[in-house]
1. Within the range 363-373, does at least one residue satisfy the condition of being farther than 25 Å from V44 by Cα and in contact with a helix residue (DSSP H, G or I) (Cβ under 6 Å, 6 or more places away or on another chain)?
2. Just to be sure, is T257 of a type outside the set (A, V, I, L, M, F, W, C) and more than 21 Å from the chain's Cα centre (by Cα)?
3. Would you be able to tell me the number of residues in the range 6-41 that are of a type in the set (A, V, I, L, M) and open to solvent by 100 Å² or more (accessible area, probe 1.4 Å)?
4. Looking at (1) in contact with a strand residue (DSSP E or B) (Cβ under 7 Å, 6 or more places away or on another chain); (2) among the aliphatic types (A, V, I, L, M); (3) open to solvent by 40 Å² or more (accessible area, probe 1.4 Å), which is the one condition that is false for M348?
5. Here is a list: V72, V64. Which entry is more than 19 Å from L220 (Cα to Cα) and either part of a helix (DSSP H, G or I) or not charged (D, E, K, R) (or both)?
6. Does any residue in the range 178-194 that is touching a residue at least 60 places away in the same chain (Cβ under 8 Å) come within less than 8 Å, Cβ to Cβ, of a residue that is polar (S, T, N, Q) and part of a strand (DSSP E or B) six or more places away or on a different chain, and which pairs are these?
7. Only one of (1) open to solvent by 50 Å² or more (accessible area, probe 1.4 Å); (2) within 29 Å of E300 (Cα to Cα); (3) of a type outside the set (K, R) is not met by V44, so which one is it?
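The values are calculated or read from the model by the stated rules, or taken from the named source; none is laboratory data. These numbers were taken from a predicted model, which means no experiment stands behind them. Cβ coordinates were reconstructed from backbone atoms using ideal geometry, including for glycine residues, and neighbour counts include every protein chain displayed. Side chains are part of the model used for accessible areas, which takes the heavy atoms of the whole protein and leaves out ligands, DNA and RNA. Shrake-Rupley method; radii C 1.70, N 1.55, O 1.52, S 1.80 Å.
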Amino acid sequence: MDFDALFTTQLDALKAEGNYRYFAELERKCGKFPKAANHGEDGVRDVTVWCSNDYLGMGQHPKVIAAMTEAVQRCGTGAGGTRNISGTNHDHLLLEAELADLHGKEAALLFTSGYVSNWAALSTLGSRLPDCVILSDAGNHASMIEGIRHSRAQKVIWKHNDVADLEAKLAALPANAPKIVAFESVYSMDGDVAPIREIVEVAERYGAMTYLDEVHAVGLYGPRGGGISEREGIADRITLIEGTLGKAFGVVGGYITGSAALCDFIRSFASGFIFTTALPPAVAAAARASIRHLKESGDERRRHQAQVARLRAELDRAGIPHMRNESHIVPVMIKDPVKTRMLADYLMEEWGIYVQPINYPTVPKGTERLRFTPSPLHTDAEIDRLVVALSHLWKQCALAHAVA
C-alpha cells in the first residue's frame, strides 16, 4: 500500500480548503523583541512578530536569561530522567513552591507543557474518581478536551460562559456523584473572560470541584500576576488552578496548583507526569526568576494593557473590524480561510509583519481571523505601521470595514 499517497491526498484537500498551515522560519533576537530574523528563500530579513504568546517579552528579560545561564553552568543542561528516576532537582521544588505561593495554594506540580498538565490532570481525576462527571465549557482548549476524553468519565458540555446552563446541568446529575466543573479564565481565540465568581458559586452549591485553566492570564492579571482568579479575589475558592510557564512567563512548561493531597494524587497516578523526562533545571530556574519578577513588578502589565488599548483604538479609527473582549487578545475577523492566509502572506511579504492565520480546526469554519497579541515592547510606531498596513490591504482585498 502506498501510504505516502494516502497522506498526500489528505494534505492536498487541506490546502484546497485554505486550512493547510505554513510555518515561518524565525530566529528570535535576544534583547530585540518583538523583532526576529525571518529565514526565507531570498535570504534573511528582519520582521516584527505580532502573534507571540510571550505576551510580556519575559523570554528575553535580563533576569530570566541570567537565571537560566547560571543554572546551566551549575547543573548542566538536562534533568537526567523522569521526576521518579533521578530527575527531581532542587530547582523544580523551588519553582513549585513559587507557583503554590502565586496562587495561594498548598502545593504545585510541574509538567513539561500546559497541554500535558491539562491532559494529565483531567484524565487522572476523571478516571480515578469513581462515577466522576466532568462538566466542560463548550469553548475549552483541545488539551482539556483530550484529557476528559482519555479519562472515559461521563462528560457534560455546558454552553460557553453560560452559568444558567451550567447550573441546569449540575442540577440534573446525581447528588452523590463526584463532579468537576472545568473552564478557562481567558479564552485564547476570542479573548473573552469567564464569569469566574458566578461559576464558582454555582459549583459550590452542588458540591462540585472547580478546575480553572489560567494559561492565558497568569503573569498578566492580578496584583502579582496570579491571573483573573487573583484579580477577582476568588483563587482561594477554586479547587485546582492550572497554568503555563510558556506564555507570559516566557519559558516553557505547565503546572497545576491546589491542596497538598490533590497535587500528590496527580503526582502519584498521572501517566503524563510519571513517564516523561523532567524539565531541565535551567528552565525551572528561569521560570522562577520570571514569576518572582512579575510578582513584584506591575510595570510590564501596565504597559501591556496600554499598548493593547492603543491598538484597539487605532483599529477602530481605521474601521478595521476586531472582536470586542476584556483581554489582551485582539482578533481581527476575516471569516474566510483563503483570504486570511492571503492577508497574512501580504503582511509578511510586503510589510515585514508576521501574524499567523487562525483557521479551522483551531476556530470554527467561518470565523477565520488574524490574532494579534500586542506586548509592552511593541512601540507606538509599530502599532501605527500595523494599522496602516491593514488599512492598505483592506482596500486592496475589498474587505468590509467596521460600522461606526
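1. yes
2. no
3. Residues flagged as of a type in the set (A, V, I, L, M) and open to solvent by 100 Å² or more (accessible area, probe 1.4 Å) within the range 6-41 amount to 0.
4. Here M348 meets the rest and fails (3).
5. Being more than 19 Å from L220 (Cα to Cα) and either part of a helix (DSSP H, G or I) or not charged (D, E, K, R) (or both) holds for just one of V72, V64, which is V72.
6. A182/S136
7. Only one criterion in (1) open to solvent by 50 Å² or more (accessible area, probe 1.4 Å); (2) within 29 Å of E300 (Cα to Cα); (3) of a type outside the set (K, R) is unmet by V44, namely (2).
So that you can scan it fast, the table gives a plain yes or no per residue for (1) within 23 Å of the chain's Cα centre (by Cα); (2) open to solvent by less than 50 Å² (accessible area, probe 1.4 Å); (3) not aliphatic (A, V, I, L, M):
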residue: G57; (1), (2), (3): yes, yes, yes
residue: A107; (1), (2), (3): yes, yes, no
residue: T112; (1), (2), (3): yes, yes, yes
residue: T124; (1), (2), (3): yes, yes, yes
residue: R128; (1), (2), (3): no, no, yes
residue: H141; (1), (2), (3): yes, no, yes
